[in-house]
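Here's the structure we're looking at; comments come further down.
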Amino acid sequence: MTTYRDREEAGQVLAERLTDLAGRPDAIVLGLVRGGVLVARVIADRLGVPLDVLVVRKLGVPWAPEVAYGALGPDGVQVLNEMVADRLAEADRAEVRQREQAELERRERRYRAGRPQLDLAGKTAVIADDGLATGATARAAVQVARHLGAARVVVAVPVGSDQAYEMLAAEADQVVIVETPADFAAVGAYYDDFHEVSDDEVTQALTATA
């Protein structure tokens with residue numbers, strides 16, 4: 001089982017799996033906040049395509065936050081899983097939505113920092129993260145990218161669980177996962193350096209390729 005030195009090395013390995021997108025004018029790499037942005041920066045640099053950030057907030061069931069009843073994205077995008085959402089009281093949904101919307105807006109202000117609104121119309125969007133545990137956030141990101149007009153959505157991660165792969169394979173046009181260990185543990189177990197990424201690191205990574 002591969003252990004990555006850090007997120008930069010993971011991005012280098014992923015870029016080698018995505019060379020068919022190198023230099024393509026319709027391609028864009030989207031980093032998921034926060035750790036995914038560091039991975040995405042390396043991929044975008046290696047492929048010679050633009051980098052941006054996709055801020056997504058999962059709407060979790062209050063008593064089981066890992067179970068998503070929907071997701072919020074930029075520009076007012078909201079995706080709902082009606083089968084789950086319909087089982088929740090509107091007051092519970094409203095409380096979660098208000099909290100996650102506030103955090104989404106905070107992150108958008110911080111990370112976009114004058115960057116234009118995200119426009120994915122007709123694009124091949126490569127959604128990059130540093131790993132997949134449940135895959136719920138990445139799944140929400142795929143749905144949001146489609147709502148923002150992406151023509152094709154690719155998910156690219158260095159390591160993830162089989163369950164997450166199967167779920168995303170049904171949502172995305174392509175899923176690139178370098179490693180899917182049978183005894184998958186927490187994502188951080190596959191990195192020597194898996195420090196908590198700060199807002200400043202995200203901003204610097206985005207500025208470096210702007």
What are the ³J(HN,Hα) couplings of the stretch 27-33, residue after residue, when phi is run through the Karplus curve with 6.51, -1.76, 1.60 and θ = phi - 60°? Round to Hz, x for glycine and proline. 8, 8, 9, 10, x, 8, 6
Just read off the accessible area of Asp45 with the full protein assembly in place, 1.4 Å probe, to the nearest 10 Å². 80 Å²
Rel. contact order, % - alpha carbon contacts under 8 angstrom, at least six apart, the chain: 26 percent
Roughly how many whole Å is it from the C-alpha centroid of the stretch 139-159 to that of the stretch 1-62? 12 Å
Quick one: with all protein chains in place, what share of the accessible area of the chain is carbon or sulfur, to the nearest percent (1.4 Å probe)? 47 percent
Report, in deg cm²/dmol and to the nearest 500, the calculated mean residue ellipticity at 222 nm for the chain, where each DSSP H run with n ≥ 4 adds -39500 (n - 2.57) and the sum is divided by the residue count. -11500 deg cm²/dmol
If one compares the long axis through the Cα atoms of helix 90-112 with the longest principal axis of the Cα atoms of the chain, the angle in degrees, nearest 10, works out at 30 degrees
When the label point is put 7 Å from the Cα of Arg109 along its Cα-to-beta-carbon vector, which residues of the stretch 190-210 have a backbone N closer than 16 Å? 199-200
In Hz, Karplus ³J(HN,Hα) per residue of the stretch 69-74 (6.51, -1.76, 1.60; θ = phi - 60°; x = Gly, Pro): 9, x, 7, 10, x, x
For the Cα atoms of the chain, what angle does the longest principal axis make with the long axis of helix 199-208, in degrees from 0 to 90, nearest 10? 50 degrees
P(r) tail fraction, the stretch 94-170 - alpha-carbon pairs more than 18 Å apart, %: 52 percent
Given a 1.4 Å probe and heavy atoms of the protein chains only, how would you sort Glu166, Glu201, largest accessible area at the top? Glu166, Glu201
Using a probe radius of 1.4 Å on heavy atoms only, what accessible surface per residue do you get for the stretch 37-134? Whole Å² is fine. 47 Å²
First obtain the Kirkwood hydrodynamic radius of the chain from its Cα pairs, then insert it into the Stokes-Einstein equation at 25 °C and 0.890 mPa s, and state the resulting D in µm² per second as a whole number. 143 µm²/s
For a quick check: with amide H placed at 1.01 Å from N, whose amide H comes under 5 Å from Val67's, ignoring anything fewer than 5 positions away on the same chain? Val61
What FRET efficiency would be calculated for the residue pair Ala91, Ala189, taking the C-beta separation as r and a Förster radius of 30 Å, to the nearest 0.05? 0.20
For Ile127, distant residues with modelled amide H under 5 Å away: Leu30, Val154, Val155, Ala156
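The values are calculated or read from the model by the stated rules, or taken from the named source; none is laboratory data. For clarity, every value in this text was computed on a predicted model and none was experimentally measured. Quick reminder, even Gly has a Cβ in these numbers, built from the backbone with ideal geometry, and neighbours come from all protein chains shown. Keep in mind that these areas ignore ligands, DNA and RNA; they rest on the heavy atoms of the full protein, side chains included. Shrake-Rupley method; radii C 1.70, N 1.55, O 1.52, S 1.80 Å.
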